[in-house]
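> What follows is a structure written as structure tokens; I'll ask about it next.
The values are calculated or read from the model by the stated rules, or taken from the named source; none is laboratory data. What you see is a predicted model, and the numbers here were worked out from it, not measured in a lab. When we count neighbours, we look across all protein chains shown, and the Cβ atoms used for this are built from the backbone with ideal geometry, even at glycine.
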Amino acid sequence: MLVTEAVRSRTSVRQFLEAPIPDDVMREIFNAAQMSPSNCNTQPWKTYVVSGEKKKALSAHLLEAVMSGNPPNPDFDWTVDYKGEHRDRQIGAAFSLYNTLGIDREDRQARGVTMLRNWEFFGAPHAVFFTMEKYLGIMGAVDLGIYAQTLALILRENGMGCCFQGALGQYPDPVREVLGLSDDQGVLFGMSIGYPDLNAKINAARTDRENVETAVNFVS
Ligand SMILES: Cc1cc2nc3c(=O)[nH]c(=O)nc-3n(C[C@H](O)[C@H](O)[C@H](O)COP(=O)(O)O)c2cc1C
């Protein structure tokens, strides 16, 4: 598969088959992603791929935290109130998801249930957590984002899929506890990975993109 094909055909996967990614394939994918660029080659990512019983335990702890009613306490500042065209696109993406599932946008309960699937890793056999030392701030976040997209494209190339999840960075305490992270290690975000369930309605959700003429200024 050409890189452009992988870029054009990647979409968020939010329902997975149970089958795990074989160990050797998993190592190969993460090995290839190590070639991602980073500022001054600092390679700030410390990645955790969580599977099996640990994944189940982590999901249970996360759901408990989410449903406790306590507000999210992310390690990094995720509190953006989107405005204008950004808000419009945020609403558009949510609308596409709920529309695909046949959920009315006023049906808060059904939307809440769908939201909770984030912390069940959408049924994926593996959950990835992207962590980095907290002091790195925005520079580290840039590098981790590039690394995660590299990973997403390699997964796509190999017939697998993923969903990037800011939601997995909202309650870092259970993650820190289950994975034994030190206090200076922050959880930026996460990703569910595995083989897409091609029959699942939710995986048919599509988002649109701005015209290149609007998004890119070609200046000469
Ligand atoms: C940094 C980041 C965080 C995201 N967080 C979530 C999330 O918590 N839950 C979710 O279902 N999707 C999440 N997404 C997926 C976006 O909603 C999705 O990429 C966007 O709507 C475009 O759709 P597409 O991935 O199908 O092209 C996230 C994507 C990124 C890049």
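> Between 131, 100, which is more than 19 Å from the chain's Cα centre (by Cα) and β-branched (Val, Ile, Thr)?
Residue meeting the stated conditions: 100.
> Moving on to the next point. Pick out the one residue from 156, 209, 176 that is of a type in the set (Lys, Arg), modelled with pLDDT of 95 or more and more than 16 Å from the ligand (Cβ to nearest atom).
Exactly one of 156, 209, 176 is of a type in the set (Lys, Arg), modelled with pLDDT of 95 or more and more than 16 Å from the ligand (Cβ to nearest atom), namely 176.
> OK, next. Which residue, of 142, 128, is within 12 Å of the ligand (Cβ to nearest atom) and closer than 26 Å to residue 38 by Cβ?
142
> Looking at (1) in contact (Cβ under 8 Å) with a residue 24 or more places away in the chain; (2) more than 14 Å from the chain's Cα centre (by Cα); (3) at negative phi, can you tell me which one residue 119 breaks?
(2)
> On the basis of being surrounded by fewer than 16 Cβ atoms within 10 Å (Cβ to Cβ), assigned to a helix (DSSP H, G or I), of a type in the set (Lys, Arg) and within 14 Å of the ligand (Cβ to nearest atom), does residue 111 make the cut?
Taking the combined requirement at face value, the residue does not satisfy it.
> Any idea how many residues of the range 21-53 are surrounded by 16 or more Cβ atoms within 10 Å (Cβ to Cβ) and either part of a helix (DSSP H, G or I) or on the phi > 0 side of the Ramachandran plot (or both)?
Number of matching residues: 3.
> Further question: Mind listing whichever residues of the range 72-108 are of a type in the set (S, T, N, Q) and under 26 Å from residue 203 (Cα atoms)?
Once the filter is applied, which keeps residues that are of a type in the set (S, T, N, Q) and under 26 Å from residue 203 (Cα atoms), the range 72-108 yields 90, 96, 99, 100.
> I've got another one for you. What about residue 36, is it more than 19 Å from the chain's Cα centre (by Cα) and small (Gly, Ala, Ser)?
The answer is no for residue 36.
> Sticking with this one: (1) surrounded by fewer than 14 Cβ atoms within 10 Å (Cβ to Cβ); (2) among the charged types (D, E, K, R); (3) part of a helix (DSSP H, G or I); (4) away from the ligand (no atom under 15 Å from the Cβ): which one isn't true of residue 5, the others all being true?
Exception for residue 5: condition (4).
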